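Worksheet: one structure, shown below.
Quick note: the coordinates plus some simple rules give every number you see, no bench work behind them. The model shown is predicted, which means the values in this text are computed figures rather than measured ones. Positions of Cβ are backbone-derived with ideal geometry, glycine not excepted, and every protein chain shown enters the neighbour counts.
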Amino acid sequence: MDLGFTRDEEFFRQEVRAWLEANLPPAWRQEGKGGYREEEDTELQREWQRKLYEGGWLKLGWPKQAGGRGATPVMQAIYQEEMARAGAPGILGRLGVTLLAPTLLAHGSDWQKDTYIEKILSGELIFCQGFSEPDAGSDLAGLRTRAERRDGKWVLSGQKTWSSGAHYSDKSFLLARTDASAEPHRGIGFFLVDMRQPGVEVRRIKQMTGGGEFSEIFLSGAEVEERDLVGAAGDGWKIAMTVFGFERGGLAQAARFERAVEELAALARDRGIGADAPTRQKIAQARIEAHVFRLIGLRNLTRAQHGHAPGPEASVTKLYWSEMDKRLQEAAIGVEGMYGALAPESALAVEDGRWQYGWMWAQAETIYAGSSEIQRNIIAERVLGLPRGR
Ligand SMILES: Cc1cc2nc3c(=O)[nH]c(=O)nc-3n(C[C@H](O)[C@H](O)[C@H](O)COP(=O)(O)OP(=O)(O)OC[C@H]3O[C@@H](n4cnc5c(N)ncnc54)[C@H](O)[C@@H]3O)c2cc1C
């Protein structure tokens, strides 16, 4: 494992910092963010994506022949880390930028690459992900949405759920069954579906955070042109695996956690319990865990730098950060004492309700992108080589 950065990498870090200094307005920095503020967040994230696109940052790790900068995994991690340190907001088209665009680069037709990639990166087209269904989440291969070929088009019927940002998305990258007689992992197609057409109905799901980030999608005769099928009609599972390969955490989260631990310590001091032994122990524990997570990130980075694709060890990373965040948020609620039970939007909520909001949001982190139980199964079977459970 390499613990240091080279001179060139440190220069690159300075370049990112200088750009952020010049382009990230102080009011946009997400410090101590309170409850859910959708309108404000949506517009801010759209604008921020545009700025990053114009600054050339959204293709940082892409090969030079695809118009990217060809940045190494370490440079990409430095970029992510600096974004997190500066409290940069998220981007509205996150799923399209981080998951779909690189997947299209690998599996898309020339038409799909030419038509979509720049629009996805610039934020002109926002995509949501339509994988999960009411009875197909962890067991994604059990999905039942059907795609039938009729008059040279694909016609889709079924239901998707938990689709983040579906209510403001223009399109969806969605899995549907193209061959009901094939084995579950075969006979699945990967479609680019226009969300603004008859036959697509989006119903928002209200969350306990007060927000409504995700939705159900009802498909009843929605149409997809043949050119919007990615790969062949039975390639969907393979392409979905490429998508999952891009869902991983790293140094950005380490920087975010280190910052959160500092903020937790400040909260404890403000509440007058900074010297309280159990509180100090929880904060020290959180600091240790954040540091261990940084080391895990560096180990992954070293592997990536040596050309290894992320393997099942990615599950260790996902399991670690999501469970760690739950403990951290819980410690903060404890530090707030009886104020910790207030709703984030309450006038008496401490620090604009950010820790209550964070605690509620952390509950989702051990579910999406593979639940903790699923990650433990993968670690047991594919990292530790234990026998398969029933
Ligand atoms: C905030 C958030 C955003 C999301 N955004 C999207 C999105 O944009 N697009 C999308 O398609 N999906 C999205 N999802 C859905 C997410 O992918 C699923 O919630 C996840 O795959 C789990 O599926 P499930 O909810 O159906 O739970 P289930 O799979 O029904 O699991 C229920 C429980 O059983 C456990 N379990 C299941 N199988 C096993 C097993 N084999 N061994 C042990 N335990 C098991 C699980 O760990 C869990 O505790 C999102 C979810 C969240 C929380």
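Taking every C-alpha pair closer than 8 Å and separated by at least 6 residues, the mean separation divided by the residue count of the chain gives a relative contact order of 15 percent.
Working note: 222 nm ellipticity from helices only, DSSP H runs with n ≥ 4, each -39,500 (n - 2.57), summed and divided by the residues of the chain, gives -14500 deg cm²/dmol to the nearest 500. On the beta carbon distance between D170 and R85, with R0 = 35 Å, the FRET formula returns roughly 0.65.
Efficiency by 1/(1 + (r/R0)^6): what FRET value for R196 and L384, r their Cβ-Cβ distance, R0 = 45 Å, to the nearest 0.05?
It comes to 0.45.
For the pair D276 and R94, what calculated FRET efficiency results from E = 1/(1 + (r/R0)^6), where r is the Cβ-Cβ distance and R0 = 45 Å, to the nearest 0.05? Let's see the in-between values first.
Numbers: r = 39 Å, r/R0 = 0.86.
After rounding, the FRET efficiency stands at 0.70.
Here the stretch 7-92 is treated as a Stokes sphere of Kirkwood radius computed over C-alpha pairs; at 37 °C and 0.692 mPa s its diffusion coefficient rounds to 239 µm²/s.
Ranking Q281, S346, L52 by Cα position along the charge dipole of the chain, where only Lys, Arg, Asp and Glu carry charges on their C-beta atoms, puts Q281 farthest toward the positive end. Tilt of helix 354-365 relative to the longest C-alpha principal axis of the chain, in degrees (0 to 90, nearest 10)? With rounding to tens, the tilt is 40 degrees.
Label separation (E15 vs E43): 3.4 nm, computed from points 7 Å beyond Cα along the C-beta direction.
The slack in the chain from Q207 to E313, taken as 0.36 nm per residue of separation less the alpha-carbon distance, amounts to 35.1 nm.
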